[in-house]
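To keep things clear, I will list the structure first and then write my remarks on it.
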Amino acid sequence: MSRPAAPGFFRHLWLLWGLRLNIGLNRGPGKSRLLSVGAFLLSSAPAWGLGVTFYGLMRLRPIAESGVWPFFILNLLCFVTAAVWVTWPLMSAGVDDHSELSRYAPFPISPFRLLIASTVASLFEPRALVFYAPLTGAALGYASVHPVRVQWFAVLLYCLFALLNAAWSRVGLHLVLNVLRAKNSAGIIGGGFVLFLVAASFIPPIDTSWLTAVGEGGVEKLDMSVIVNATLALGRVPPGFFGDALLELSYGYRRNALANGVGMLFFTLLGLGLAYALLLRFHRSVGRAGPAVKESGDTDPFARTRDRYTTLVVREALDLWRNPRARLLASVPFILAILLKLMSGRALFEYLLGASVDAWLMGGLCTYGAVVMASTFSQNTFAYDGHGLAMLIAAPVELGDVLRAKNTVQGLAAAGMSLLVGVFYRVYFGRGSALDFLCAMAAVAAVIPVLLAAGNFLSLYFPVKFHASLKRRDKLPLTASMLGIVAASVGCAPFVWALRFAGKSGPEWRTLAMIALCAAVNVVLYRALLPLSLRLLDQRREIVLRAVTRE
């Protein structure tokens with residue numbers, strides 16, 4: 001009997017897309033794909049607005065007739081698009097995007113083919129369309145005003161730019177995955193954070209004196225040599241090759257554009273090579289049991305717990321403490337704060353926000369830390385600890401106590417991390433008043449109850465499958481992700497509204513009172529919805545158990 005032919009590349013790509021659709025819907029094969037199409041269009045809808053906005057911006061007469069601003073905007077968008085896309089696996093903690101990597105590990109597909117397939121597939125995700133929309137609109141707007149020679153070559157350069165970012169995004173993703181699977185992941189993350197903090201202290205901040213000139217005399221008073229130098233500098237880094245090539249094609253310099261294309265191709269291949277090496281390393285460790293946990297010797301963490309509920313709280317706290325992804329999430333707000341100071345971002349925001357700048361920045365970093373910590377684990381509250389739910393259902397404990405303990409630990413972890421972020425901001429920047437700090441903490445108190453309440457219902461209706469053999473879980477369904485974003489937006493709304501009401505003059509005590517009042521209302525709503533969550537947990541316990549433990 002002859003062996004069946006191995007699937008071709010496009011068949012593998014089709015299977016990968018089908019797998020992503022099934023994971024996104026959390027549904028098996030054979031079900032309708034209508035919901036997936038609707039969710040895809042809904043989640044990528046902001047791309048249309050962003051694209052049209054930047055298309056119109058490039059066609060404005062002051063910009064279109066300028067000899068500098070169009071190229072500065074294009075090169076800046078190239079740099080920002082690449083920076084966001086490459087660092088997205090870290091900043092969003094989207095490390096569960098590797099589900100197809102470990103799923104296909106025992107399958108007859110080569111790692112190289114898997115790398116190419118997953119890289120190409122990542123270009124057509126809804127978030128990719130949103131990220132590329134501003135640059136796409138700006139490029140089309142520029143081409144409509146300044147005709148581009150050899151249009152097919154311009155399209156090819158755009159595809160090369162997308163592949164360049166996708167390749168280096170795979171490098172970032174695979175690097176994060178290898179760190180999380182390392183036995184000493186906590187030491188690597190902590191050491192990397194300290195090294196980054198020390199290195200950033202030796203880099204001089206960016207000069208923002210031009211903001212003062214713009215504020216006093218308008219754009220006409222701005223020294224254009226600053227913009228020219230920034231445009232040239234952005235065009236010399238690999239992401240800026242596309243903007244520079246578009247400029248060369250508009251002037252008819254095809255050889256220069258070809259040189260930029262060759263440069264993008266070189267760095268794309270370099271990124272794919274690094275991503276492939278990291279993928280092979282990940283595959284070698286994917287069959288292991290996961291990061292090793294150090295033995296605690298004879299110390300029993302449950303020896304001093306006096307009741308059953310306290311024991312559950314300690315257990316959940318230990319599971320969260322030992323979770324490598326929690327360590328990654330805890331470092332992200334601090335890294336963002338360091339980047340903010342390194343890029344002199346506070347000066348830019350001070351120009352836009354006035355005396356409210358520290359309240360906005362401190363509150364934004366604190367609420368971001370609370371959102372990524374609370375939502376990540378509360379939306380998968382029954383599976384992030386592996387098969388723990390199966391043991392808890394078999395144990396003589398009330399499931400209601402289990403859910404309460406999980407909410408308690410997740411809420412305290414989010415609040416504790418936000419508190420540390422607020423203190424770090426005050427010490428690292430040396431700015432921010434006590435009122436700014438209190439407003440930030442009140443904003444955190446307002447968002448956590450909403451995230452916990454939404455996470456309880458999402459965990460019950462969108463349970464995520466956990467694979468014990470590979471020590472990983474599937475991606476959160478797209479519908480659940482969208483609902484989680486809505487919940488986070490609702491939780492952050494009081495803080496945003498209160499500071500917008502305060503304006504540029506800075507927050508007042510009534511601003512704090514408004515945020516605190518909304519936080520109290522959210523706590524009451526959470527307490528009111530908790531009994532309903534507990535009843536649904538009793539009704540759906542078997543459904544949830546099968547979903548999070550099936551192979």
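The values are calculated or read from the model by the stated rules, or taken from the named source; none is laboratory data. Source: prediction; values computed, not measured. We place every Cβ from the backbone using ideal geometry, glycine too, and count neighbours over all the protein chains shown. For the accessible areas, the whole protein counts, side chains as well, though only heavy atoms, and no ligand, DNA or RNA atoms are used. Shrake-Rupley method; radii C 1.70, N 1.55, O 1.52, S 1.80 Å.
Worth a mention:
- Of the residues making up segment 233-264, those that are touching a Gly at 6+ places or on another chain (Cβ under 7 Å) and either surrounded by fewer than 24 Cβ atoms within 10 Å (Cβ to Cβ) or of a type outside the set (Phe, Trp, Tyr) (or both) are LEU234, GLY235, PRO238, GLY243, ASP244, ALA245.
- Within segment 518-551, the set of residues being open to solvent by 80 Å² or more (accessible area, probe 1.4 Å), without any contact (Cβ under 8 Å) to a residue 12 or more places away in the chain and either among the β-branched types (Val, Ile, Thr) or not in a helix (DSSP H, G or I) (or both) comprises just one member, VAL524.
- Scan of segment 476-517 for residues that are open to solvent by less than 50 Å² (accessible area, probe 1.4 Å) and within 13 Å of ALA445 (Cα to Cα), ordered by number: ALA488, GLY491, CYS492, ALA493, PRO494, PHE495, LEU512, ILE515, ALA516
- CYS366 meets all of the listed conditions (1) buried (at least 23 other Cβ atoms within 10 Å of the Cβ); (2) modelled with pLDDT under 75; (3) not in a loop (DSSP other than H, G, I, E, B) but one, namely (2).
- Applying a threshold of 8 Å to beta carbon distances and a minimum spacing of six or more residues, or different chains, the list of pairs starting in segment 118-130 at a residue that is in a loop (DSSP other than H, G, I, E, B) and ending at one that is of a type outside the set (S, T, N, Q) reads LEU123/ALA162; LEU123/LEU163; LEU123/ALA166.
- Unmet requirement for VAL198, which otherwise passes all of (1) open to solvent by 50 Å² or more (accessible area, probe 1.4 Å); (2) of a type in the set (Val, Ile, Thr); (3) at pLDDT 80 or above: (3)
- Candidates in segment 440-475 are the residues that are under 25 Å from ALA528 (Cα atoms) and touching a Pro at 6+ places or on another chain (Cβ under 8 Å); of these, the one that is modelled with the lowest pLDDT is PHE462.
- Looking across segment 377-393, the residues that are assigned to a helix (DSSP H, G or I) and at pLDDT below 80 come down to GLY388, LEU389, ALA390, MET391, LEU392, ILE393.
- Residues located in segment 108-129, provided they are in contact with a Ser or Thr (Cβ under 7 Å, 6 or more places away or on another chain) and open to solvent by 30 Å² or more (accessible area, probe 1.4 Å): LEU129
- Filter result for PHE153 (outside any helix (DSSP H, G or I), open to solvent by 10 Å² or more (accessible area, probe 1.4 Å) and either more than 23 Å from ARG59 (Cα to Cα) or at pLDDT 85 or above (or both)): no
- ARG103 being surrounded by fewer than 16 Cβ atoms within 10 Å (Cβ to Cβ), among the charged types (D, E, K, R), modelled with pLDDT under 85 and farther than 17 Å from GLY240 by Cα: no
- Screening THR305 on (1) touching a Ser or Thr at 6+ places or on another chain (Cβ under 9 Å); (2) modelled with pLDDT of 75 or more; (3) more than 30 Å from PRO134 (Cα to Cα) shows it passes everything except condition (2).
- Against the numbered list (1) at pLDDT 70 or above; (2) of a type outside the set (A, V, I, L, M); (3) open to solvent by 20 Å² or more (accessible area, probe 1.4 Å), PRO396 comes up short only at (1).
- Flag for ARG404 being basic (Lys, Arg), within 18 Å of VAL357 (Cα to Cα) and assigned to a helix (DSSP H, G or I): no
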